[in-house]
Amino acid sequence: MQAYLDNSATTRCSEGVRDIVIRTMMEDYGNPSSKHDKGMDAEKYLREARGIIARTMKVDEKEIFFTSGGTESNNWALIGAAMANRRSGMHLVTTAIEHAAVVQPMMYLKEQGFEVTYVPVDRYGRLDLDKLREAIREDTILVSTMYVNNEIGTLEPMEEIGKIIRERNPKALWHVDAIQAYGKYRIYPKRMGIDMLSVSGHKIHGPKGVGFLYVNSRVKIHPLILGGGQQRGMRSGTDNVPGIAGLGCAAREAYEDFERKTAHLYELKQFFMEEIAKFPNTVQNSLPGEEGAPHIVSVSFRGVRSEVLLHALEERGIQVSSGSACSSNKRLPVSSVLKEIGMEKELLDSTIRFSFCEHTTKEELIYCLEQLMELLPVLSRYSAH
């Protein structure tokens, strides 16, 4: 039996996405900047995808810009907005558990003379709202917070964050990394006060290498990629029609039958967390039920190295992750997220992330639990701890 439980790293494309990607590669393959009929046909796919995405968030189509994915969207939002608004202030605020696609642009901006304040979190990764309130100043021009943490599934208090930003400095822009949240929650940026929002296609059964950035029409932001003037000069480069068409299809499908799919994920999560709790020497790092995201469960297995367990499960047809797929490179240090939530030192290298999607079955979870039951006693005997 196989059990793919690494859906936060990437998801399998849906059949609808596959079909539209093939069609735009093999039949409607024109360049949307071309003036002939093939170009005009390609342009229709861009308009349709932009319209679908805009409707899922109740925003204007002109506020959706296509990118190469979540990393580019985050980089553009942070660097583009910071540079465009630097005359109003040089202070930026973010959290201590952001993805590298936010952390590293913030480090770059610090090198350019900006000041960055990192707001701490609690044991489960929830933002310290009092510290956030203290961090926002008159010269704060941008606040960036993630919606759902990619490693432990923390759902941040979005309503409270937005309220604090508006109270403390209504001129400050609010960027949200929604890469693990879009498709799992109904997100309405205008109602919530979000100025910029990043999304990646391959997290929602869309293609890899494509995403979008929502930018409120009032936001002043500089483009990062210059050239052919595509997307009103804000993001140049030949439009990735197959990727964008696939992204539009994935976005539409994500919000079809939404309540049923979300309920299914919460049922899987509850079952898995309840069963894992019966295992000795385990620590769960994700909040139960709707306190956390519906699709991510992080567990530390005391006395067992995560890399060893990951490969042992892999040999039995089960794919999981030892953290963010983008930070699982061996050259990188132990997860900063796990450090920031105050995890015991001996558990830092003993943590596995299980992540589900709408196609995950209870049978797959039962199979995973059975394999864990067999493997953990054996692996703990050979622990390096």
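Search the range 216-257 for residues being of a type in the set (D, E, K, R) and touching a Leu at 6+ places or on another chain (Cβ under 9 Å), and hand back the single one that is nearest to T71 (Cα to Cα).
Among those residues, the one meeting the criterion is R235.
Filter the range 353-375 down to the residues that are of a type in the set (A, V, I, L, M) and open to solvent by less than 20 Å² (accessible area, probe 1.4 Å) and list them by number.
L365, L369, L372, L375
Just to be sure before I move on: is I161 buried (at least 21 other Cβ atoms within 10 Å of the Cβ) and β-branched (V, I, T) in the structure I sent?
Yes, satisfied.
Conditions tested, residue by residue: (1) part of a strand (DSSP E or B); (2) open to solvent by 10 Å² or more (accessible area, probe 1.4 Å).
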site	(1), (2)
T262	no, yes
Y266	no, yes
F272	no, no
L287	no, yes
P294	no, no
V297	yes, no
E307	no, yes
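Which one of the conditions (1) open to solvent by less than 100 Å² (accessible area, probe 1.4 Å); (2) more than 24 Å from the chain's Cα centre (by Cα) does E27 fail to meet, given that it meets all the rest?
It fails just one condition, (1).
Conditions first: (1) open to solvent by 50 Å² or more (accessible area, probe 1.4 Å); (2) more than 27 Å from F212 (Cα to Cα); (3) without any contact (Cβ under 8 Å) to a residue 40 or more places away in the chain; (4) of a type outside the set (S, T, N, Q). D139 passes all but one, so which condition is the exception?
(3)
Cβ-Cβ distance below 8 Å, separation of 6 or more or different chains: which pairs start in the range 275-299 with a residue that is among the aromatic types (F, W, Y) and end on one that is open to solvent by 30 Å² or more (accessible area, probe 1.4 Å)?
F279/M373
Which one is surrounded by the fewest Cβ atoms within 10 Å (Cβ to Cβ), of the residues in the range 33-50 that are touching a residue at least 60 places away in the same chain (Cβ under 8 Å) and among the small types (G, A, S)?
Filtering the range 33-50 down to residues touching a residue at least 60 places away in the same chain (Cβ under 8 Å) leaves 33, 42, 45-46, 48-50.
If we keep only those that are among the small types (G, A, S) too, we end up with 33, 42, 49.
Details: S33: 13, A42: 22, A49: 27.
So, considering only residues that are touching a residue at least 60 places away in the same chain (Cβ under 8 Å) and among the small types (G, A, S), the one surrounded by the fewest Cβ atoms within 10 Å (Cβ to Cβ) is S33.
Contact list please: Cβ distance under 7 Å, first residue in the range 57-69 and at positive phi, second residue assigned to a strand (DSSP E or B), pairs at least six apart or on different chains.
Partner pairs satisfying both residue conditions: G69/S200; G69/G211.
The values are calculated or read from the model by the stated rules, or taken from the named source; none is laboratory data. All figures in this text were calculated on a predicted structure; none of them were measured in a lab. Note that we place each Cβ from the backbone using ideal geometry, even for glycine, and neighbour counts take in every protein chain shown. For accessibility, only protein heavy atoms count, side chains too; no ligands or nucleic acids. Shrake-Rupley method; radii C 1.70, N 1.55, O 1.52, S 1.80 Å.
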